[in-house]
1. Which numbered condition in (1) at pLDDT 85 or above; (2) in contact with a helix residue (DSSP H, G or I) (Cβ under 9 Å, 6 or more places away or on another chain); (3) of a type in the set (Ser, Thr, Tyr) is the only one that SER141 fails?
2. So ILE63 fits all but one of (1) in contact with a strand residue (DSSP E or B) (Cβ under 9 Å, 6 or more places away or on another chain); (2) modelled with pLDDT of 90 or more; (3) exposed (fewer than 14 other Cβ atoms within 10 Å of the Cβ); what number is the exception?
3. I need every pair where a residue in region 12-31 that is without any contact (Cβ under 8 Å) to a residue 40 or more places away in the chain has its Cβ under 7 Å from the Cβ of a residue that is charged (D, E, K, R), sequence separation at least 6 or different chains.
4. Filter region 123-146 down to the residues that are touching a residue at least 24 places away in the same chain (Cβ under 8 Å) and surrounded by 12 or more Cβ atoms within 10 Å (Cβ to Cβ), then identify the one that is farthest from THR105 (Cα to Cα).
5. Give the residue that is farthest from ARG114 (Cα to Cα), with candidates limited to residues of region 53-91 that are assigned to a helix (DSSP H, G or I), hydrophobic (A, V, I, L, M, F, W, C) and in contact with a helix residue (DSSP H, G or I) (Cβ under 7 Å, 6 or more places away or on another chain).
6. Enumerate the pairs (first residue in region 43-56 and loosely packed, with under 13 Cβ neighbours inside 10 Å; second residue anywhere and modelled with pLDDT of 85 or more and not in a helix (DSSP H, G or I)) with beta-carbon separation below 7 Å, excluding pairs fewer than 6 apart on the same chain, so at least 6 apart or on different chains.
7. How many of the residues making up region 104-118 are among the charged types (D, E, K, R) and exposed (fewer than 12 other Cβ atoms within 10 Å of the Cβ)?
8. Quick check: is even one residue across region 113-123 at pLDDT below 90, assigned by TED's automatic domain parsing to the domain that holds GLU45, more than 29 Å from ALA157 (Cβ to Cβ) and basic (Lys, Arg)?
Amino acid sequence: MEGKREKRGGGRPFLSLGRKFLLVIGLVIIPVLGAIFLWIGFQQEKEVMNQIMEQVVLTRQWISDCGGVLVDERSRGAEGTIYFFDNKVEIGGKVYRRFCPAMVTKKLSQYALREALYRFHLTSLDLLNPENEPGPFEEESLKRFEKEGLEEIYKAARGS
């Protein structure tokens, strides 16, 4: 009979050696490629997090080197700000308040979160501002930095 494959014992269909080879390759290659792409994705995400953190640190350093930045206290960027310094400057009928590096960092994080980009939070075990209290992961990480001398700990979370 032409066009029909013979069945081997037990009525199971016969697979040619070429089809078996393709099946085995597919079952091995697809998961391996998936794992490689997943690993590359995590590495890229870690690199992006490092770049953002470096930019935040540089921004804070620049603001510190400048002695803070002056912000119009009626601007949208100053809304809801708690001021730690009472130094005001009046220029041309407008009142400006000094933002320290921590205040700018907090505002940048709020803007980034509002745009659904990312969120960052700088904290310490020795708090000056109770709003900067570390969360459970942060507190555990800070203690590990002190105890174990670690240089970095990462946590990438989506939707939080």
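The values are calculated or read from the model by the stated rules, or taken from the named source; none is laboratory data. This structure is a prediction, so every number in the text was calculated from the model and none was measured. Glycine also receives a Cβ, built like all others from the backbone with ideal geometry; neighbour counts cover every protein chain displayed.
1. So SER141 meets the others, but not (2).
2. (3)
3. From residues that are without any contact (Cβ under 8 Å) to a residue 40 or more places away in the chain, the pairs are PRO13/ARG5; PRO13/LYS7; PHE14/ARG5; PHE14/GLU6; PHE14/LYS7; PHE14/ARG8.
4. Per the stated criteria, the residue is ASN129.
5. ILE63
6. That search, which allows pairs on different chains as well, returns nothing.
7. So the count comes out to 2.
8. no
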